[in-house]
Amino acid sequence: MKTLALSLVATAVLGNLSPLFSEDAASVINLNKPVSESLKPDGFYWSFDDGLIGESEPKMIEDHSGNGFAGQVARGSASALPTYTEGVFGTGIFVEGFADVSWRKGTQYDNAQDPDRLTMKGQPFTGGVWYKMDNLKPVNHILIRRDENAVGWRLQLMKAEESDPDTDGSAWFLNLEYGDSRIRSRSQAPTSTFADKKWHHVGFSVTPEDEEGRFTVEYWLDGQPFDTVTFTAKIPNPDPEKRFLSVGTGTWGSLDDAFVTTGTHTFKK
């Protein structure tokens, strides 16, 4: 009888705790591990654990979301091909200039059954990437971009003016362009964190407000809330025949564990 009672208590306790644990695991992304150990992104997820350090092969970057958005190591202009490098978890990818990793509709690696999964049209979504800056001179480091002709969304670091009294010329604003928002969603304060040329994590979440055309973006830096900005924008309405996703366009440095997923999530380290 006592054994049965204990069994019933344990079942009741575990039954109450299981949903709580599963919800927490899906809403908080632990940066001490690859993002896949916190949730399975339902947009795209490139871990960059595909090749050997110092090599550009293989050119195909697996999409671990299961949506078929395989990336392609690509040369931009006269820039060298991206190469695999030591990442935060396993290997990462090193890019310089306009070389990047990209997915395009209709290319040889395109196996996406539903390209609309990248649009994030008028719904909450969250993304993030590890980044180690190598060159402090560029004024715009585009970390993740999903657009065609700049209509979509993109996460970037925008360099602060050297004349800005609060910086020393080596600080950047976080900026999430969405639709036609441009710099209206830029963080209010810059950060000089990346000037140390070490790995740092940039996370963001976008939430539509009750008022149509208004959105809030929350920025996270190394697992800590950095800034929250409310802005107005037209909801992206991309051309279905012009799909494009890239990581590292115009960027100088190393990137790892890039993803985007639906829903509003937070980060911790």
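The values are calculated or read from the model by the stated rules, or taken from the named source; none is laboratory data. Predicted model only: the values in this text are computed from it and were never measured. Cβ atoms come from the backbone with ideal geometry, glycine included; neighbour counts cover every protein chain shown.
Selection of region 191-204 for residues being over 30 Å from residue 121 (Cβ atoms) and either of a type outside the set (A, V, I, L, M, F, W, C) or touching a helix residue (DSSP H, G or I) at 6+ places or on another chain (Cβ under 9 Å) (or both) yields 192, 193, 196, 197, 198. Only residues that are at negative phi and at pLDDT 95 or above were counted across region 249-261, and they come to 7.
Residues being of a type in the set (Val, Ile, Thr) and within 29 Å of residue 190 (Cβ to Cβ) are represented in region 77-89 by at least one member. Is there a residue in region 161-170 that is at pLDDT below 95 and either within 23 Å of residue 94 (Cβ to Cβ) or touching a strand residue (DSSP E or B) at 6+ places or on another chain (Cβ under 6 Å) (or both)? The answer is yes; a qualifying residue exists. Inside region 47-95, residues that are closer than 19 Å to residue 134 by Cα, surrounded by fewer than 19 Cβ atoms within 10 Å (Cβ to Cβ) and more than 18 Å from the chain's Cα centre (by Cα) make up a count of 10.
Selection of region 216-239 for residues being surrounded by fewer than 15 Cβ atoms within 10 Å (Cβ to Cβ) and either closer than 19 Å to residue 125 by Cβ or at pLDDT 90 or above (or both) yields 224, 225, 228, 230, 234, 237. Can you find a residue that is at pLDDT 85 or above and either in a strand (DSSP E or B) or touching a Pro at 6+ places or on another chain (Cβ under 7 Å) (or both) anywhere in region 32-42? Yes - at least one qualifying residue is present in region 32-42.
Taking into account only those residues within region 106-121 that are crowded, with 16+ Cβ neighbours inside 10 Å and more than 17 Å from the chain's Cα centre (by Cα), which is modelled with the highest pLDDT? Going through the qualifying residues, I end up with 112.
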